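What follows is calculated from the coordinates using simple rules that are stated; it is not laboratory data. Because the structure is a prediction, the values reported are computed rather than measured. Cβ coordinates were reconstructed from backbone atoms using ideal geometry, including for glycine residues, and neighbour counts include every protein chain displayed.
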Amino acid sequence: MLELRTSEARGQADHGWLKARHSFSFGNYVDPAHMGFGPLRVINEDRIAPGSGFGTHGHKDMEIITYVLEGELAHQDSMGNGSVIRPGDVQRMSAGRGVMHSESNHAEGSETHLLQIWIEPDQKGIAPSYEEQHVPQAQKDGRLRLVASPAGTDGAVKIHQDARLYVGLFDGDQAADLTLAANRLAYVHMVRGSASVNGQTLAAGDALKLNAETEVRIRDGNAAEVLVFDLPQSF
């Protein structure tokens with residue numbers, strides 16, 4: 001079963017310094033029909049104005065993945081981590097039993113464009129932890145590159161859930177297939193550009209939910225950047 005969710009159908013927020021689009025219910029955007037998909041709880045597309053950001057705030061029992069598309073994002077947390085992530089970086093923070101952090105765009109005259117992803121963990125109350133990896137563009141070109149997984153091997157960050165996140169870049173005749181095991185869900189988010197996914201045309205911001213499908217098929221990319229989530233039905 002396939003379900004298309006267009007970019008325009010997403011929730012939105014404009015706080016002046018932050019413009020956001022919400023794939024699932026978040027903050028003041030509440031839609032009972034879109035509370036998540038499997039353990040995937042949040043995909044926020046955020047644009048942060050120069051010299052602004054999220055002040056220190058807390059999280060608990062959530063796997064948080066940040067993927068920067070343009071600009072840079074400074075991160076500090078109560079575990080003692082401080083870094084700046086840029087396009088190609090994948091950051092993972094396991095909030096566990098509790099963590100405080102801040103995220104800021106310190107660049108002058110340059111907006112930060114990013115995706116923040118929340119995945120519910122398969123266990124609660126673990127020690128909070130942090131990790132980041134850089135994934136070169138060449139490793140995503142014309143293929144689905146694993147960037148987050150339970151094992152956290154081969155350059156992927158480790159998440160505490162039986163879920164996997166792939167990123168790919170597709171243009172022209174480049175194509176990729178991802179086989180799905182039985183009783184798995186898949187969620188495809190078109191970051192930019194466009195492509196055909198299982199026969200459905202997706203443009204930037206569109207998403208496709210797959211339930212009881214055997215594979216994800218990506219074809220006919222036009223400067224496409226794609227996220228593919230392989231998810232458990234129950235967790």
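Of H22, H189, the sequence from fewest to most neighbouring Cβ atoms within 10 angstrom is H22, H189. Sites listed here are GluC sites (Glu not before Pro) in region 106-142 whose DSSP assignment is loop and whose Cβ has at most 12 other Cβ atoms within 10 Å: E108. Multiplying the residue separation of D122 and E3 by 0.36 nm and subtracting their alpha-carbon distance yields 40.3 nm.
Considering region 111-199 at the alpha-carbon level, its Rg and Dmax are found to be 14.6, 46 Å. Annotation: lysines with alpha-carbon distance below 18 angstrom to K124 (same-chain offsets under eight excluded): K60, K158.
Given A9, F37, A223, which one lies farthest toward the positive end of the charge dipole of the chain, if we put +1 on the Cβ of every Lys and Arg and -1 on the Cβ of every Asp and Glu? Result: F37. Here the chain carries DSSP beta bridges of which approximately 95% are antiparallel, counting only pairs with both residues inside.
About its Cα centre, how strong a charge dipole does the chain have in debye, to the nearest 20, once Lys and Arg get +1 and Asp and Glu get -1 at the Cβ?
Details: 21 positive and 31 negative charges, 78 e Å.
Here the size comes out at about 380 debye.
Work out the length of the dipole vector of region 60-145 about its Cα centre, built from +1 on the beta-carbon of each Lys and Arg and -1 on the beta-carbon of each Asp and Glu, and round it to the nearest 20 debye. Walk me through the numbers before you get to the answer.
Working: 8 positive and 14 negative charges, 60 e Å.
Roughly 280 debye for region 60-145.
Farthest toward the positive end of the dipole of the chain, out of A181, Q76, G199, is the Cα of A181, where the dipole comes from beta carbon charges about the Cα centre.
For the chain, modelled as a GNM whose springs connect Cα atoms under 10 angstrom apart, the maximal fluctuation among P32, P87, P150 occurs at P32.
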